[in-house]
1. For the condition touching a residue at least 40 places away in the same chain (Cβ under 8 Å), over 21 Å from Val119 (Cα atoms) and surrounded by fewer than 22 Cβ atoms within 10 Å (Cβ to Cβ), what is the one hit in Arg3, Arg54?
2. Of all residues in the range 43-73, which are out of contact with any helix residue (DSSP H, G or I) (no Cβ under 7 Å at 6 or more places or on another chain) and over 20 Å from Arg192 (Cα atoms)?
3. Test Glu106 against the criterion of being assigned to a loop (DSSP other than H, G, I, E, B) and either surrounded by fewer than 17 Cβ atoms within 10 Å (Cβ to Cβ) or not assigned by TED's automatic domain parsing to the domain that holds Ala231 (or both), and give yes or no.
4. Identify the residue in the range 55-103 that is of a type in the set (Phe, Trp, Tyr) and part of a strand (DSSP E or B) and, among all such residues, is farthest from Arg262 (Cα to Cα).
5. Restricting to the range 181-200, name every residue that is out of contact with any helix residue (DSSP H, G or I) (no Cβ under 7 Å at 6 or more places or on another chain), touching a residue at least 40 places away in the same chain (Cβ under 8 Å) and of a type outside the set (Phe, Trp, Tyr).
6. Just give me the residues in the range 269-291 being surrounded by fewer than 16 Cβ atoms within 10 Å (Cβ to Cβ) and assigned to a strand (DSSP E or B), in sequence order.
7. Step by step: first the residues of the range 259-291, then only those that are hydrophobic (A, V, I, L, M, F, W, C) and within 21 Å of Glu108 (Cα to Cα), then the one that is farthest from the chain's Cα centre (by Cα). Which residue is that?
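The values are calculated or read from the model by the stated rules, or taken from the named source; none is laboratory data. As the structure is a prediction and not an experimental result, all values here were calculated from the model. Cβ sites come from the backbone with ideal geometry, for glycine too, and all protein chains shown count toward neighbours.
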Amino acid sequence: MNRFVKSHGLGNDYIVLDKSNLSFETTPEVVKLICNRNYGIGSDGILLLVPSTRADFGLLIFNPDGSEAEKSGNGLRIFAKFLYEHGYTDKTSFSIDTPGGVVWVELEATEKRVSHVTVDMGKATFQSSLIPVEGEEREVVGEEIRVNGEILKFTAVSVGNPHCVVFVDELNEGYVRKVGPLIENHRMFPKRTNVQFARVVSRNRVEILIWERGAGYTLASGSSSCAVAAACVKNGFTDRKVTVSMPGGELQIEVGEDWSIRMRGPVEEICTGEISRDMLEKINKLSSLGV
């Protein structure tokens with residue numbers, strides 16, 4: 001009961017929980033406590049296995065601030081590894097139902113251990129109402145946004161969750177930490193947005209830094225990598241097969257002619273465990289307070 005698995009994809013770490021194995025509800029306050037790196041288990045988010053009527057497995061994704069995310073590329077790879085290695089399936093290809101749509105995963109496994117996962121992430125769209133972005137209906141490509149007195153050029157894209165890609169000549173972590181949250185919460189994005197700062201290196205390689213909605217500065221992000229690759233192709237900066245390099249590592253992204261996106265990358269398990277009685281007391285106290 002109340003068991004968990006903690007894994008990471010390129011340094012982007014998640015705690016995986018099975019809803020049927022929990023004695024508590026994953027309320028926003030409970031999620032924040034579990035994800036806290038000082039008082040909880042610590043992670044960039046929670047992946048919750050839930051039932052699904054339209055796919056082999058259902059997945060809910062929680063950010064460390066307690067909010068829910070529609071889709072996570074690293075999270076999907078972690079979740080797929082969890083399902084296979086912990087006995088939920090013996091198949092190396094199956095479907096996962098996320099709030100951002102149903103995706104298919106393909107596992108590379110040797111001796112029942114998964115090293116890499118390929119995810120069909122669905123189709124990218126630049127249509128303003130589908131991201132969403134404020135203003136008249138349009139494709140949001142090469143537009144300008146004013147942030148902290150500065151004019152930045154960006155391309156907005158959804159791959160099941162919203163992204164704002166800002167192309168720059170140089171990458172600077174301090175700048176990302178300063179400007180990222182201002183863009184995330186900008187009035188142009190009614191559901192907030194993930195933010196990527198991207199430097200195109202060549203026709204098949206791009207380097208990025210990430211400010212993730214609800215999580216902050218992040219070492220790596222699968223959906224961000226997919227969004228950047230799509231934005232690069234849309235702007236004519238790269239070919240359709242792109243290696244996206246982040247502080248946590250690299251992902252291989254392929255953008256189809258129909259804007260479908262495939263992502264391949266590694267995944268590693270960190271530890272397994274059971275939530276302690278001390279932690280459960282804190283969780284139950286939050287639940288009793290109705291938070």
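1. Arg3
2. Once the filter is applied, which keeps residues that are out of contact with any helix residue (DSSP H, G or I) (no Cβ under 7 Å at 6 or more places or on another chain) and over 20 Å from Arg192 (Cα atoms), the range 43-73 yields Pro51, Ser52, Thr53, Arg54, Ala55, Asp56, Gly58.
3. no
4. Taking the candidates together, the pick is Phe62.
5. His186, Arg187, Met188, Pro190, Lys191
6. Within the range 269-291, Ile270, Cys271, Thr272, Gly273, Glu274 qualify.
7. Only one residue fits best here, namely Cys271.
Conditions tested, residue by residue: (1) over 27 Å from Gly249 (Cα atoms); (2) of a type in the set (D, E, K, R); (3) surrounded by 13 or more Cβ atoms within 10 Å (Cβ to Cβ).
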{"residue": "Gly122", "(1), (2), (3)": "no, no, yes"}
{"residue": "Gly135", "(1), (2), (3)": "yes, no, no"}
{"residue": "Glu144", "(1), (2), (3)": "yes, yes, no"}
{"residue": "Phe154", "(1), (2), (3)": "no, no, yes"}
{"residue": "Pro162", "(1), (2), (3)": "no, no, yes"}
{"residue": "Leu171", "(1), (2), (3)": "no, no, yes"}
{"residue": "Arg187", "(1), (2), (3)": "yes, yes, no"}
{"residue": "Phe197", "(1), (2), (3)": "no, no, yes"}
